[in-house]
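The values are calculated or read from the model by the stated rules, or taken from the named source; none is laboratory data. As the structure is a computational prediction, the values presented were derived from the model and not from experiment. Note that we place each Cβ from the backbone using ideal geometry, even for glycine, and neighbour counts take in every protein chain shown. The accessibility values were calculated without ligands, DNA or RNA, using every heavy atom of the protein model including side chains. Shrake-Rupley method; radii C 1.70, N 1.55, O 1.52, S 1.80 Å.
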2 protein chains.
Amino acid sequence: MSTTRRGRRPGSPDTRAAILAEARTLFASAGYAGTSVRAVAAAAGVDAALVHHYFGTKDDLFLAALQAPIDPRQVFAPVAEGGIDGAGERLLRTFLSVWDDETTRLPLLTMVRSVFDPERQPLVRDGYMRVVLGPIGTALGVEDVELRMSLVGSQLMGIVLARYVVQVEPLASASHDQLVAAYAPTLQRYLDGVLG
Amino acid sequence: MSTTRRGRRPGSPDTRAAILAEARTLFASAGYAGTSVRAVAAAAGVDAALVHHYFGTKDDLFLAALQAPIDPRQVFAPVAEGGIDGAGERLLRTFLSVWDDETTRLPLLTMVRSVFDPERQPLVRDGYMRVVLGPIGTALGVEDVELRMSLVGSQLMGIVLARYVVQVEPLASASHDQLVAAYAPTLQRYLDGVLG
DNA sequence: GCGACAATTCATCACGTGGTGAATAATCTC
DNA sequence: GAGATTATTCACCACGTGATGAATTGTCGC
């Protein structure tokens with residue numbers, strides 16, 4: 001906006017929403033440290049001061065961007081209702097559907113990349129492993145629930161990295177059925193199979 | 001060093017090695033972006049200009065820190081020599097021994113955290129998946145080698161995140177035998193088992 | 001139409017970053 | 001012992017960062 005003057009723009013542009021959407025995209029692709037407030041502002045077509053006006057500090061913006069449009073615990077609830085048989089497949093299909101939907105994927109990507117950020121790492125351990133996966137295992141009546149759900153979580157995280165982050169072929173372009181065929185037996189064994 | 005003067009220090013302090021060691025530690029724990037040249041210098045007890053003197057740019061320092069003391073391909077070679085039977089377990093034990101040795105773990109951690117860095121992501125795809133895992137699959141005569149080795153890679157990456165990065169219990173403190181009992185059957189099925 | 005309020009940009013700040021060059025001290029070679 | 005070379009710090013640079021406050025513009029209610 002090289003000809004921009006001070007003052008309010010005409011009409012009702014929802015610049016706040018534009019800022020939030022761009023923040024979600026940039027935090028997901030470049031992480032917290034790799035995303036500057038100015039970059040978010042530029043992508044939204046506003047001045048950086050407006051970002052602070054609406055969201056406060058960069059930390060506050062980050063937290064706002066992390067708010068998923070839906071509660072993951074609700075999404076995964078059906079997995080637990082079907083009982084332990086076939087739970088591996090149901091869990092995986094639900095997981096894939098969440099990750100293949102861009103609306104939910106961006107905040108999730110942001111959270112996952114936080115595993116390497118000492119200040120934000122609790123997001124993954126407490127948010128994903130404890131709040132999302134833990135209750136599923138408990139509801140399914142999984143034995144040795146902490147061990148088994150952490151095995152499950154390790155494979156799911158591996159899938160995220162391979163398919164969604166590094167985009168290794170042929171995993172990146174595999175269909176849900178193909179992934180289920182390969183991974184569901186693994187998840188099922190981790191849930192109720194023989195662990196040696 | 002509040003009383004430091006200009007000029008060479010007496011004796012033969014190996015400041016270059018000190019800088020490199022600190023760089024390895026910091027890049028592994030804070031990543032490229034989260035590690036400043038001044039932080040490395042401070043940790044090594046020298047002035048930041050000395051880092052540039054010895055290593056050039058920050059990028060050059062990063063590459064130097066990435067040089068593992070040993071070639072991972074040599075470490076994993078025995079896995080391929082024993083044939084496909086039991087390869088899952090041999091691969092996992094070798095993998096764990098490399099990761100549980102701090103000398104090799106730091107550069108590996110640095111590389112793994114690069115999955116989220118667009119500029120350095122090829123390190124994982126090309127370095128780990130293609131150069132290390134790929135040849136193992138080929139040497140073992142694995143069918144559908146690209147698919148199967150990417151499945152293997154996805155679980156190994158998940159183990160890295162869960163055990164070494166997020167340090168989820170009980171995986172973080174599990175013995176190698178416990179991990180083998182849980183994961184080796186998964187890796188073996190990915191190598192030569194039924195994938196559906 | 002006027003005043004209050006909200007939205008928006010411009011101008012600025014303190015600080016940290018990667019990096020450069022000159023001054024200084026120690027070691028080595030002749 | 002002198003000069004060359006190497007190691008080391010100090011001083012400085014340009015730039016980008018998160019953030020603040022004042023000036024300006026548009027909308028709404030009376």
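Express in Å², to the nearest 10, the accessible area of A:LEU63 obtained by rolling a 1.4 Å probe over the protein heavy atoms while all chains stay in place.
100 Å²
Considering the rotation that carries chain A onto chain B, locate the chain A residue whose Cβ comes closest to its axis and report the distance in whole Å.
Output: A:GLY158, 1.
Per residue, how large is the accessible surface of the protein assembly as shown? Use a 1.4 angstrom probe and give square angstrom.
Working: 19010 Å² over 392 residues.
It amounts to 49 Å² per residue over the protein assembly as shown.
Which parts of region B:153-178 would a label at B:SER29 reach, counting a residue when its backbone N lies under 17 Å from a point 7 Å out along Cα-to-Cβ?
B:164-167, by backbone N distance to the label point.
Under the rule a/c < 1.5 gives rounded, and otherwise a/b versus b/c splits prolate from oblate, where does the protein assembly as shown land using the Cα gyration tensor? All intermediate terms of the calculation are to be shown ahead of the outcome.
Values: a/c = 2.03, a/b = 1.12, b/c = 1.82.
Verdict is oblate for the protein assembly as shown.
Using θ = phi - 60° and the Karplus form 6.51 cos²θ - 1.76 cosθ + 1.60, what ³J(HN,Hα) does each residue of region B:148-159 get, whole Hz, x for Gly and Pro?
The phi angles translate into 5, 6, 6, 5, 4, x, 5, 6, 5, 5, x, 5 Hz.
Could you sort B:HIS176, A:HIS53, B:HIS52 by their accessible area in this structure, using a 1.4 Å probe and putting the largest first?
The residues order as A:HIS53, B:HIS52, B:HIS176, largest area first.
GluC sites (Glu not before Pro), restricted to region A:65-138: which are DSSP loop and have at most 15 other Cβ atoms within 10 Å?
A:GLU119
Between A:LEU106, A:SER150, A:GLN167, whose Cα lies farthest towards the positive end of the dipole of the protein assembly as shown when Lys and Arg beta carbons carry +1 and Asp and Glu beta carbons carry -1, centred on the Cα centre?
Sorting the options by dipole projection puts first A:LEU106.
Give the average, rounded to an integer, of partner chain Cβ atoms located within 10 angstrom of each Cβ in A:182-190. Don't jump to the answer; show the numbers that get you there.
On the way: counts 11, 7, 1, 7, 9, 1, 0, 4, 3.
For this peptide, the per-residue mean of nearby foreign Cβ atoms is 5.
For A:SER114, B:SER97, give me the order by solvent-accessible area with a 1.4 Å probe, most accessible first, ignoring ligands, DNA and RNA.
Ranked from most to least accessible, the order is B:SER97, A:SER114.
Using a simple charge model, +1 on the beta-carbon of Lys and Arg, -1 on the beta-carbon of Asp and Glu, nothing else, what dipole does region A:72-192 show about its Cα centre, in debye to the nearest 20?
Dipole about the Cα centre, nearest 20: 200 debye.
Using a label point 7 angstrom from Cα along Cα-to-C-beta, what distances in nm, from shortest up, separate A:ALA49 from the other copies?
So the distances to the same position in the other copies read 3.9 nm.
When a/c reaches 1.5 or more, the comparison of a/b and b/c decides; with that in mind, is region B:72-192 rounded, prolate or oblate per its Cα gyration tensor?
Taking the square roots of the gyration eigenvalues as a ≥ b ≥ c, region B:72-192 is oblate.
Label A:ASP192 and B:ILE84 with points 7 Å out from Cα along Cα→Cβ: what is the distance between them in nm?
Once both label points are built, they end up 3.1 nm from each other.
Please name the residues of region A:135-154 whose accessible area, counted over protein heavy atoms with a 1.4 angstrom probe, falls by no less than 40 Å² between the chain alone and the full protein assembly.
By number: A:SER150, A:LEU151, A:SER154.
With θ taken as phi - 60° and the coefficients 6.51, -1.76 and 1.60, list the Karplus ³J(HN,Hα) couplings across region B:23-32 in order, rounded to whole Hz; mark glycine and proline as x.
3J(HN,Hα) across region B:23-32, in whole Hz: 4, 4, 5, 6, 4, 5, 8, 10, x, 5.
Most mobile of B:PRO170, B:PRO122, B:PRO72 per a Gaussian network model of chain B (Cα springs, under 10 Å)?
It is B:PRO170.
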